[in-house]
1. Please specify each residue of region 221-279 satisfying the condition of being of a type in the set (Ser, Thr, Tyr) and free of Cβ contacts under 8 Å to residues at least 40 places away in the same chain.
2. For region 206-219, check the following and say yes or no: at least one residue is assigned to a helix (DSSP H, G or I) and over 27 Å from Ile93 (Cβ atoms).
3. Looking only at region 196-242, filter to residues that are buried (at least 21 other Cβ atoms within 10 Å of the Cβ) and among the hydroxyl-bearing types (Ser, Thr, Tyr); which one of those is farthest from the chain's Cα centre (by Cα)?
4. Evaluate region 110-118: report whether one residue or more is of a type in the set (Ser, Thr, Tyr), more than 17 Å from Leu172 (Cα to Cα) and assigned to a helix (DSSP H, G or I).
5. What are the pairs with Cβ atoms under 6 angstrom where one residue, in region 155-174, is small (Gly, Ala, Ser) and the other, located anywhere, is in a helix (DSSP H, G or I)? Sequence gap at least six, or different chains.
6. Give me the pairs, please: first residue somewhere in region 101-130 and free of Cβ contacts under 8 Å to residues at least 12 places away in the same chain and exposed (fewer than 13 other Cβ atoms within 10 Å of the Cβ), second residue anywhere and hydrophobic (A, V, I, L, M, F, W, C) and in a loop (DSSP other than H, G, I, E, B), beta-carbon distance under 7 Å, and either six or more positions apart or on two chains.
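Here, each number is a calculation from the coordinates, and none is a lab measurement. Keep in mind that what you see is a predicted model, and the values were worked out from it rather than measured. Don't worry about glycine lacking a Cβ; one is built from the backbone with ideal geometry, like all the others, and counts go over all protein chains shown.
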Amino acid sequence: MSVALLAAALAILPPAAGDTAAKAERPYAIDRTLVTAVMAPDGHRYRILIAWPAGPPPASGWPVLYLLDGADHFAAATETARRLAAARARSGIGPGIVVGIDSGPLARRVLDYTASAPGYAIPKGAPASGLAIGGGEAFLTLVECQVKPMVAARWPVDSARQTLAGHSFGGLLALHAMLARPGVVTRFAAISPSLWYGEGLVTREERGAQLRGSRALIAIGSDERGPDASAGSAAEALARRLDAAGAPTRFLSLSGEDHGTTMLAAMGQVVALAFGDEH
């Protein structure tokens, strides 16, 4: 057989199975998601990750879960929400929009997730000691005035069912929003909140807080260490006080979980707070 005929014959043979598989390979992606950004007044760029449900929205619009540390928790929250919504008859959880907000480097995260506490500095040996703090109000304004309108401009949303969820300093910010900026959202999930920050700041913010219309979840791991080691009893007492003050609040003790694992362990309950069917 001539070289030309051999080449022609090889050209019409089916590709090897390995070649077909290699061509079919592609990065994993979650359907119905996008990544965009907003710019803070100081020039800092926030990456925003958004996942939305299939099908038409309810008459009242979609509930929305705003998730701090979005780069860490967005995928888990999205897949958990969709799995529970698919089993709605059993789970009692409907579909909703998940919005992950990524502050970026640790120093920016600490600045964004801590409320102003005049005269206070994070003590030596505590997490994030030496970093700038007190940017929580500016960050919540960014959520309220830039992120929320961006979501509402693209999807119909239910203004009465919007949740802010965070872990550690993010949990602290969720509590600060509930006590000092309740108009930002209506529901708050504080997972392993850093109650040690500000030497009683959260307790001080409770005084005079307008809690009617708010709902909350507070969760703590049984194996928390460091400055959070004694947070369990304080968090449970806080949940009882908030509940008694008119804001239905659930306390969740996560057996066997430490500070680094509590957000994942609590994710189903965070989604339930955000997207649970109303009765």
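1. Passing the criteria: Ser222, Ser230, Ser233, Thr249, Ser253, Ser255.
2. So far as region 206-219 goes, yes, one or more of its residues are assigned to a helix (DSSP H, G or I) and over 27 Å from Ile93 (Cβ atoms).
3. Filtering first and then ranking leaves Tyr197.
4. No, the conditions are met nowhere in region 110-118.
5. The qualifying pairs are Ala165/Val270; Gly166/Leu173; Gly166/Ala174; Gly170/Tyr113.
6. From region 101-130, the pairs are Ser129/Ile122.
Yes/no matrix, rows are residues, columns are (1) among the β-branched types (Val, Ile, Thr); (2) on the phi > 0 side of the Ramachandran plot; (3) in contact with a helix residue (DSSP H, G or I) (Cβ under 7 Å, 6 or more places away or on another chain):
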position	(1), (2), (3)
Ile93	yes, no, yes
Pro105	no, no, no
Ala117	no, no, yes
Gly125	no, yes, no
Ala132	no, no, yes
Cys145	no, no, no
